[in-house]
Amino acid sequence: MMNSLSKTRLYLATDSLDWMINRSIKQSLSLQDAVPISAGTGCVPSKPIETLYIHIPFCHTLCRFCSFHKVKFQETLAREYFQALRLEIREIIARGYRFNRVYIGGGTTTILEDELIKTIELIKSLTTIREVSCESDPIYFSEGNPELLKGLVDRMSIGVQSFDDAILKSTGRFEKFGSGKQQADYVSRAIELFPTVNVDMMYGFKVQTAESVHEDLLQTMALNPDQITTYPLTIGIGKNRKKAGCLAGDPHELWPQFLAVKQALTERYVMEFPWTFSRNFGQPVQNKYVLDGEDCLGVGSGAFGRFGEQFRISSFDIADYIRLIDRVKTATCYTKSLESKSLIQHHLMIMMGHGHLDNQVFKAHTGHSLWRALPLEMSFLLASGAIVKRGDNYQTTEQGQFIALKMFVGFLSGMDYLREQARELPLTSI
Ligand SMILES: C[S@@+](CC[C@H](N)C(=O)[O-])C[C@H]1O[C@@H](n2cnc3c(N)ncnc32)[C@H](O)[C@@H]1O
Ligand code: SF4
């Protein structure tokens, strides 16, 4: 149990961390220096890229808290979009890009299941990928034909957010996706069909308490999904802040809610990061979230890719994306250089989340020791009790896990900020 002095120290640390992160997002992720690029720019890496990210920017209804790139579903546009997407996929493969796994995210990837099937079949016919991962809303498992995806999708990630009807009602998801009880049935149906099922849950909403979060996660665990991802509500730093901010609770409530998440889940699940939990049944399930620092290629409107220190952004305008693919077979239209410091800070977040800061591993990755590369960050982490020294290395404390979670929220806010600016970028004149 934490005494009130330690709690005050933690809140002081996290409040100042929030301030620092927001400041650094504005400085390092501004797209004012983004450069338009022409088709075919960039050399093809000689070894396979870990992940091909495919974006499907359509949803039947738009949730208030969500700042991902999506528009309201229009069937004709969505069919044209999928067709363009397959052309882009063919093109990158013809140019020599290879990848180990595919992550299809949205939006709602299952919105046109025949188009999704055609797209996955195309990739499987042209490549030898290890795994296909898909995101879906829960209602698909009642209204769609998920058995058609059996054998095509290895990992299905379902956004439930909460099984509590009061929370579902306050976020507008009850009317769209049904009651908590109905959604639990949909998840069970998915578990019967797919080798790996992840359930996304959220906390930090005004109507939630540590007790309700604990209860929610016990219900999730009772369904036995392979993975549970727990997202703290992110309100970002841009325009979305006002809309999502109305739903957010007191930021200091996040700490007791994080402890409630851990207490509920760690009995039977392994905490891979303070936001992802995997079932502890012998074989550990790999964490599939695309933030491990590996290069990533993105296709589709609103997709991001990153190669080393270079960030690439595809057109966020869906009609423009289709036009670009039709004319030049590629839609990556802006690039931005990332500061090496931002990448090192990202690496720090991952190590903090994993539970230890290993000087040798860090040096192998960055060429510098932890103190040399990150003197201010290391002083902050030690002073706030987030890490303790163990020989040459450092171990993350429970407060440190929470600080890693706040860094993760900062990462999500940074992505929101990029998306917001990318929507405003002028269309390229290709
Ligand atoms: C892009 S959504 C796609 C999932 C699917 N469309 C659905 O709603 O069920 C992926 C996940 O991002 C998370 N998410 C969306 N908006 C968020 C926000 N503002 N803060 C934190 N997590 C968020 C949700 O947990 C959601 O399930
Ligand atoms: S949370 Fe899912 S369904 Fe809701 S708007 Fe975002 S992507 Fe669409």
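For this structure, a couple of remarks:
- Counted charge near Leu168, where neighbours are those whose Cβ lies closer than 10 Å (Asp, Glu -1; Lys, Arg +1): 0
- For the stretch 385-398, 3J(HN,Hα) computed residue by residue from phi via the Karplus equation (6.51, -1.76, 1.60; θ = phi - 60°) reads x, 7, 9, 10, 6, 9, x, 7, 10, 9, 10, 7, 8, 5 Hz, glycine and proline entered as x.
- By accessible area with a 1.4 Å probe, ligands and nucleic acids excluded, highest first: order of Leu357, Leu29, Leu376: Leu376, Leu29, Leu357
- Separation of alpha-carbon centers, the stretch 208-257 and the stretch 330-408, rounded to whole Å: 24
- Per-residue SASA entry for Glu88, accessible area with 1.4 Å probe, Å² rounded to 10: 0
- Exceedance of the 32 Å cut-off in Cα-Cα distance is limited, within the set Lys7/Lys243; Lys118/Lys239; Lys150/Lys243; Lys169/Lys329; Lys150/Lys329; Lys124/Lys262, to Lys118/Lys239; Lys150/Lys243; Lys169/Lys329; Lys124/Lys262.
- The listed residues Thr332, Thr76 rank as Thr76, Thr332 when sorted by accessible area, largest first, using a 1.4 Å probe.
- Set of aspartates and glutamates near Lys176 by C-alpha distance (under 17 Å), chain-local residues within fewer than 8 positions excluded: Glu135, Asp137, Glu143, Asp164, Asp165, Asp185, Asp200
- For the stretch 35-279, the share of DSSP beta bridges that are antiparallel, to the nearest 5, is 20%.
- For the stretch 25-33, Karplus couplings with θ = phi - 60° (6.51, -1.76, 1.60), whole Hz, Gly/Pro x: 4, 4, 6, 8, 10, 6, 9, 4, 9
- Anisotropy class of the chain from Cα gyration tensor, a/c 1.5 cut: oblate
- Ordered by solvent-accessible area of protein heavy atoms (1.4 Å probe), largest first, the residues Asp216, Asp114, Asp358 come out as Asp114, Asp358, Asp216.
- Given charges at Cβ of Lys, Arg, Asp, Glu: the chain dipole, positive-most of Gln27, Thr76, Thr220: Gln27
- Here is how the number arises for the chain: DSSP H runs of 4 or more residues each give -39500 (n - 2.57), the sum is divided by the residue count, and the result at 222 nm is -14000 deg cm²/dmol.
The values are calculated or read from the model by the stated rules, or taken from the named source; none is laboratory data. Here the structure is a predicted model, which is why all the values come from computation and not from measurement. Glycine also receives a Cβ, built like all others from the backbone with ideal geometry; neighbour counts cover every protein chain displayed. For the accessible areas, the whole protein counts, side chains as well, though only heavy atoms, and no ligand, DNA or RNA atoms are used. Shrake-Rupley method; radii C 1.70, N 1.55, O 1.52, S 1.80 Å.
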